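K.L.:
Could you have a look at this structure, given as structure tokens, before my questions?
Derivation of every value follows stated rules applied to the coordinates shown; laboratory data play no part. Quick caveat: nothing in here was measured; it's all calculated off a predicted structure.
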């Protein structure tokens, strides 16, 4: 039996569940210029981290075992775009589709890379955790108001948890059979 999921409604449900309210969304949008200013450094830190783990590193190597610099540059560009999209998100149908497509691209490798298999779901979860921490560190370092930095970091944590639900949709099936 096939299930139809209203993904924008699922995002809104999760936003409510994790406490991502309008105030939190406003904090995320207000922090967008700062995140964007440091997006390259954040992205470099994420990919430097990946490269330290063979099971993650393999996705960025050529068939001869060399780092595929072109692929790495494209993936970094994609992560920067994701940070920007997240900061501007309205949690609408377009954004749901964007996240679902991203999840599918990690869970179902293209034919020319099928020998690598899907990106393990634990790496998706770990990446979200790494980004949460990196954003929290950045906000604490760059914002003069530590209480505001904490509230903004919590808002980012919440939206990233909402996104994780959609990013993992292709990996996880609920007990009732729905994604």
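K.L.:
Over the Cα atoms of region 1-90, what Rg and Dmax result, in angstrom?
P.N.:
Looking at region 1-90, its Cα Rg and Dmax stand at 17.3, 50 Å.
K.L.:
For region 87-179, what's the relative contact order in percent, using C-alpha pairs closer than 8 Å and at least 6 residues apart? Mind dumping the intermediate values first?
P.N.:
Values: 59 pairs, mean separation 31.6, N = 93.
Answer for region 87-179 is 34 percent.
K.L.:
Determine the relative contact order of the chain: mean sequence separation of Cα pairs under 8 Å and six or more apart, normalised by residue count, in whole percent.
P.N.:
Values: 146 pairs, mean separation 63.0, N = 179.
This gives 35 percent for the chain.
K.L.:
Between rounded, prolate and oblate, where does region 49-99 land on the alpha carbon gyration tensor, with a ≥ b ≥ c its root eigenvalues, rounded for a/c under 1.5, else prolate if a/b exceeds b/c?
P.N.:
prolate
K.L.:
Okay, moving on. Compute from the Cα atoms of region 7-167 the Rg and the Dmax, the latter being the longest Cα-Cα distance, and quote both in angstrom.
P.N.:
16.1, 50
K.L.:
Sticking with this structure for a sec: Bins of 10 Å, beginning at zero and ending with the bin holding the largest distance: percent of Cα pairs per bin for region 77-139, please.
P.N.:
18, 45, 31, 6
K.L.:
Can you tell me how region 110-179 classifies by the Cα gyration tensor, rounded, prolate or oblate, using a/c under 1.5 as the rounded cut? List each step's numbers first, then the result.
P.N.:
On the way: a/c = 4.48, a/b = 1.93, b/c = 2.32.
In terms of gyration-tensor shape, oblate.
K.L.:
Moving on. Which of 122, 57, 75 moves most in a GNM of the chain, Cα contacts under 10 Å?
P.N.:
Most flexible of the set in this elastic network: 122.
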